[in-house]
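To start, the structure itself, in structure tokens.
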Amino acid sequence: QVQLVESGGGLVQAGGSLRLSCAASERTFPRYAMGWFRQAPGKEREFVARIRKMGDSTGYADSVKGRFTISRDNAKNTLYLQMNSLKPEDSAVYYCAASSDLVLSTEPHGINYWGKGTLVTVSS
């Protein structure tokens, strides 16, 4: 069972940038499709971005397309999310997600493993 630990969250002004990281506990990290979800207070958890096992294909929610970039370093067992041009509506707890499927589901119920999350707050 893979364990995921997120880091990099914090408080940033609108228009600023943050880089989230997700460290995986296993060398089997390259076997998992990975992604990021987020959950704002009072809202459902929603898909943000995903990346295939070898990093050759990515996908984004429309709300973050062009501003966020997902990447992975399989040698370091680490997933990243570069977030630029942040908006107050991006404020949420961001969760790292892993799936043994070929492509990570965009629905939370399709995820095999979750991290505990890291809080991102964007002030206006």
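The values are calculated or read from the model by the stated rules, or taken from the named source; none is laboratory data. Everything quoted here is computed from the prediction, not taken from an experiment. Virtual Cβ from ideal backbone geometry, glycine too; neighbours counted across all protein chains shown. Accessible surface is based on the protein model in full, side chains and every heavy atom, while ligands, DNA and RNA are left aside. Shrake-Rupley method; radii C 1.70, N 1.55, O 1.52, S 1.80 Å.
Annotations
- The set of residues in the range 1-35 that are open to solvent by 30 Å² or more (accessible area, probe 1.4 Å), of a type in the set (D, E, K, R) and in contact (Cβ under 8 Å) with a residue 60 or more places away in the chain comprises ARG19, ARG31.
- Of all the numbered requirements in (1) of a type in the set (D, E, K, R); (2) out of contact with any Pro (no Cβ under 9 Å at 6 or more places or on another chain); (3) crowded, with 19+ Cβ neighbours inside 10 Å, LYS53 misses one, and that requirement is (2).
- Residues of the range 89-103 include none that is among the polar types (S, T, N, Q), modelled with pLDDT of 95 or more and open to solvent by 40 Å² or more (accessible area, probe 1.4 Å).
Okay, residues lined up against (1) touching an Asp or Glu at 6+ places or on another chain (Cβ under 7 Å); (2) at pLDDT 95 or above; (3) surrounded by fewer than 18 Cβ atoms within 10 Å (Cβ to Cβ):
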| site | (1), (2), (3) |
| --- | --- |
| PHE37 | yes, yes, no |
| GLU46 | no, yes, yes |
| ALA49 | no, yes, no |
| ARG72 | no, yes, no |
| TYR80 | no, yes, no |
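- Subset of the range 30-60 (residues that are more than 15 Å from the chain's Cα centre (by Cα) and not in a loop (DSSP other than H, G, I, E, B)): PRO30, ARG31
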